[in-house]
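Readers should treat all values here as calculations from the given coordinates under stated rules, not as data from a laboratory. As the structure is a prediction and not an experimental result, all values here were calculated from the model. As a convention, Cβ positions derive from the backbone with ideal geometry for all residues, glycine included, and neighbour counts pool all protein chains shown.
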Amino acid sequence: NGGLQAEYEEWLEAMGYEFLDIVQDEVIRTKTVDARRLLNSFQKGDQENVFSMSSGGLTLDVGTNLEYASYTNDGHFTIDPSKNQDRRWVPGRWVGDRFEYDPNAETGMLLKFQWVEGSGYWDNALSIFGQMFEQSLDRKLQQWIDEQFGR
């Protein structure tokens, strides 16, 4: 009667929200830089967020379009090595211990060429979610089977 399809879609969406929560937890736990914008991008409805679904073939895409998200996960050089530079001026200002980029500022900071280690927040979240998803799917399938055929 289509009721199972609706339950399936609801469960799939809940899994998407669960993954977003796990990613946010990992961003916080790993103390990934400037987490506010990155954290917000892992919320459904944020302009940087990716949250798409399909149902019959079990497709759920969850992520972010934030440009620096992969750099903070994987690591990066402070300066693009292909540009043959060992330093770069970045305009902006320091507010406490936080740097705010401002392309029109007369002050700023000088970046020296170095590798910045990634935090691995995304990789950690995928690992955690993979285990949780499998268990949740097993439980949900058994519940659906019991409800449809067990009675």
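Data overview
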quantity: Two-site label geometry, Gln143 and Glu117: point separation in nm, points 7 Å out along Cα→Cβ; calculated: 4.0 nm
quantity: Identified option (computed percent of Cα pairs over 21 Å apart; candidates [x] 39; [y] 58; [z] 46); calculated: [y]
quantity: Under-5 Å amide H pairs with Gly92, H placed in peptide plane, nonlocal only; calculated: Asp102, Ala105, Thr107, Gly108, Met109
quantity: Residue-wise HN-Hα coupling along segment 92-100, computed from phi with Karplus coefficients 6.51, -1.76, 1.60 (Hz; x: Gly, Pro); calculated: x, 8, 8, 10, x, 9, 10, 9, 10
quantity: Amide H partners (placed H, <5 Å) of Phe77, local residues excluded; calculated: Val116
quantity: Residues whose placed amide H lies under 5 Å from that of Thr64, excluding near-sequence neighbours; calculated: Val50
quantity: Protection-proxy order for peptides 68-74, 86-92, each taking the mean of Cβ atoms within 10 Å per residue, highest first; calculated: 68-74, 86-92
quantity: Asn104-Tyr17 pseudo-label distance in nm [points 7 Å out on the Cα-to-Cβ vector]; calculated: 4.1 nm
quantity: Segment 81-121: GluC sites (Glu not before Pro) falling in loop per DSSP and having at most 13 other Cβ within 10 Å; calculated: Glu106
